1. Do we find a residue being free of Cβ contacts under 8 Å to residues at least 60 places away in the same chain and under 12 Å from the mean Cα position of the chain (by Cα) anywhere in segment 345-362?
2. Take residue 262 and decide whether it is within 18 Å of residue 316 (Cα to Cα) and surrounded by fewer than 17 Cβ atoms within 10 Å (Cβ to Cβ).
3. In the list 179, 194, 212, which residue meets the criterion of being assigned to a helix (DSSP H, G or I) and farther than 15 Å from residue 368 by Cβ?
4. In the set 248, 231, which member is more than 10 Å from the ligand (Cβ to nearest atom) and over 24 Å from the mean Cα position of the chain (by Cα)?
5. Residue 277 fails exactly one of the following numbered conditions: (1) surrounded by fewer than 21 Cβ atoms within 10 Å (Cβ to Cβ); (2) without any contact (Cβ under 8 Å) to a residue 60 or more places away in the chain; (3) within 16 Å of the ligand (Cβ to nearest atom). What is the number of that condition?
6. Based on this model, can you work out whether residue 217 counts as within 16 Å of the ligand (Cβ to nearest atom), assigned to a strand (DSSP E or B) and modelled with pLDDT of 95 or more?
7. What's the number of the only condition in (1) outside any helix (DSSP H, G or I); (2) within 23 Å of residue 219 (Cα to Cα) that residue 388 fails to meet?
8. Scan segment 280-298 residue by residue and report those that are closer than 22 Å to residue 319 by Cα and touching a helix residue (DSSP H, G or I) at 6+ places or on another chain (Cβ under 9 Å).
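The values are calculated or read from the model by the stated rules, or taken from the named source; none is laboratory data. Since the structure is predicted, the reported quantities are computational estimates derived from the model, not experimental observations. Note that each Cβ is placed from the backbone with ideal geometry, even for glycine, and that neighbours are counted across all protein chains shown.
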Ligand code: NDP
């Protein structure tokens, strides 16, 4: 049995009941097979893969808090500090009832390579809780966040571990957690990112994932002989990533004709009206069905369907596994030339394979949506410097980072005879830096 297969088997055996973690390890190691086989003797002697798939530390803790009826509630908190070979642990805190150790480990493992790809000094981690913020009062959110940070603070530090937001953890939750960290430690340090602009947050963080997605897509098209100008783009989702992807696509001269939420989707052949979309989603937090009140000529359909329209470029920005094999077949039949993932894991594995086999340029989320964590790392730098950069300064750094990511993954794919396969390229480019840093630092 080869080294890759041995380690996959080890992970499954040592971590039963963690299917998402198994899946993430399998996907990454399979695409690294060519690099690992080329260095097998050295990596085996160093037990490099065994060390890579074992988190440095997994912290699990009780979070007790009092609800509005006076009853005590108990949740479970997690922080997985996966790998700090290239910088302090960095990754979001997910608050959702589905959270368990296996999901946090899968996200933390992926985060190692995504963070490495940004070229910035950040290691991989992830955390969260099975707490459900939906329907909770402000006071209950404050009670939970305070209790959560009362335990978590022991493991954090600006040079140790710097969490950020994720599903269920937005500016409000980050603010409450930061306040509690400061109260306990007395230290005003950049220990969380996604902070408010009045207390150390960074401009462009809100726009960063969507803008970054377009910067990378523009570069990928350019290097393959196409311009983004006048391209017809299908976007899914209508949340943070989708809205700012649409904004930047329009600024770059493309026409976005779709968006969606979990109830239905809009087709606006004249181009999405971004002001209307922001008013519906950001201001009124309403359903997308209302879009027709602003644009009577647009179509609104219940259910799924974004990928059935004719487009040149598809940008899935909603959720995991939302672009299936059937959708990929529709996209190819309709002449789509590129897919770039704004969401985490939105394309199923068979759909990805179909797109690649049919010559569609495909940018995986690990590279394409890294703009969010890149802007977080820039927030850390500003905090260390005690400075706040202008919007233009952060935006131009973000653009440079995304362009560099594209060239790194493109070069890595070419070096291993997989030119144009950016899935392989992203995993290899992310892995190489971490592997070298781990071996240079001895045994840990
Ligand atoms: P939001 O919660 O702001 O938006 C998600 C959007 O997707 C909402 O419009 C939501 O609709 C829609 N959606 C959810 N489920 C479905 C579904 N089954 N079908 C169609 N639409 C659906 O999240 P973000 O925009 O922040 O994140 C989107 C994705 O991007 C996630 O995978 C996230 O992990 C990833 N990501 C986000 C980053 C960031 O900086 N925000 C960074 C890197 C990755 P509804 O409102 O009806 O639920």
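1. The answer is yes; a qualifying residue exists.
2. yes
3. 179
4. 231
5. Only one criterion in (1) surrounded by fewer than 21 Cβ atoms within 10 Å (Cβ to Cβ); (2) without any contact (Cβ under 8 Å) to a residue 60 or more places away in the chain; (3) within 16 Å of the ligand (Cβ to nearest atom) is unmet by residue 277, namely (1).
6. no
7. (2)
8. 280, 281, 282, 284, 286, 287, 288, 290, 291
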